[in-house]
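The values are calculated or read from the model by the stated rules, or taken from the named source; none is laboratory data. Just so it is clear, the model here is predicted, and its values are computed rather than measured. Here the Cβ positions follow ideal geometry from the backbone for every residue, glycine too, while neighbour counts run over all protein chains shown.
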Amino acid sequence: MTHAPAIEFDNVAYGIGDLSAEFSFQRAAGTVTAILGPSGAGKSTLLNLAAGFLSPRTGRILQDGKPVDDLPPSARGVSMVFQDNNLFAHLDIRTNIGLGLDPALRLDDRAWRKVETALDRVGLAGFGRRQPASLSGGERQRVALARAFVRRRPLLLLDEPFDGLGPGLAADMLGLMLEIRAEVGATVLMVTHDPDEASAAADQILLVSKGRIAADAPAEGFFERHDLPELESYLGRKSGT
């Protein structure tokens, strides 16, 4: 028995002219894909198309073999973690996570227990009544991961969520993300600018350049390749060295 890809971009095109992007790829369930490329290459555009914040000009986006182009973001099986963690500053941590379960916060006792479990899972037990401003950057990213964990959606989109945290904390957060991904069974698309982060976390690499996929390959050995001019340029290497 064959299974449909967890996520598929089928000849997806967005924008026109110099601002256009075209993507075709598919990923099996449970895999982790690192998306790399220079600033302005189209990495965030790809994630926003997957999330439903942008709509393709042509082509189809499918989840588990079913087109989702006509579905709003809230109706897709997607959780997204941004670099700026996207928390509401005027709401406490518990409420920020609860919004991941129901934007109207119509939550029963069982749902609130899920929120507390998620906080405990990311090492923030007892933090529920604190405000985002009272937390460090790493703690706020833990809250964002807790919200993704409590939603338990099959597709997890990460847009440079650990950028600026420092190497040690970023590595800890990356490990936590992978643990949560395994528990939820999610497929991950992760934008990063860090080759070490990509090598540590990803099964596959998408290298994006000028709105196109320059390479789609296994992560193992990818950064040792010298046959891709876009990779050489991205890493700042002289071609062939």
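Close Cβ contacts (under 6 Å, 6 or more residues apart or on different chains) running from residues in the stretch 64-79 that are touching a residue at least 12 places away in the same chain (Cβ under 8 Å) and surrounded by fewer than 16 Cβ atoms within 10 Å (Cβ to Cβ) to residues that are among the small types (Gly, Ala, Ser) and not in a loop (DSSP other than H, G, I, E, B) comprise Pro73/Ala51. Of the strands (runs of 3 or more DSSP E) that lie entirely inside the stretch 1-103, those containing 1 or more residues that are β-branched (Val, Ile, Thr) span 7-14, 32-36, 58-63, 78-82.
Only residues that are touching a strand residue (DSSP E or B) at 6+ places or on another chain (Cβ under 7 Å), surrounded by fewer than 23 Cβ atoms within 10 Å (Cβ to Cβ) and either not assigned by TED's automatic domain parsing to the domain that holds Met190 or not charged (D, E, K, R) (or both) were counted across the stretch 156-171, and they come to 0.
Residues in the stretch 173-188 that are among the acidic types (Asp, Glu) and either touching a residue at least 12 places away in the same chain (Cβ under 8 Å) or touching a helix residue (DSSP H, G or I) at 6+ places or on another chain (Cβ under 7 Å) (or both): Glu183 only.
Per-residue answers, yes or no, for (1) in a loop (DSSP other than H, G, I, E, B); (2) in the same structural domain as Ala41 (by TED's automatic domain parsing); (3) not aromatic (Phe, Trp, Tyr):
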residue	(1), (2), (3)
His193	yes, yes, yes
Glu197	no, yes, yes
Val208	no, yes, yes
Ile213	no, yes, yes
Glu220	yes, yes, yes
Phe223	no, yes, no
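A residue that is outside the structural domain of Gly175 (by TED's automatic domain parsing) and farther than 22 Å from Ala170 by Cα occurs nowhere in the stretch 59-68.
Asn96 satisfies every condition listed in (1) over 20 Å from the mean Cα position of the chain (by Cα); (2) buried (at least 19 other Cβ atoms within 10 Å of the Cβ); (3) polar (S, T, N, Q) except (1). Checked across the stretch 117-135, the condition of being at pLDDT below 80, part of a helix (DSSP H, G or I) and surrounded by fewer than 19 Cβ atoms within 10 Å (Cβ to Cβ) holds for no residue.
Ser39 satisfies every condition listed in (1) closer than 19 Å to Val78 by Cα; (2) free of Cβ contacts under 8 Å to residues at least 12 places away in the same chain except (1). Residue check: is Asp203 under 16 Å from the mean Cα position of the chain (by Cα), at pLDDT below 90 and not polar (S, T, N, Q)? Here the answer is no, as Asp203 does not meet what is asked.
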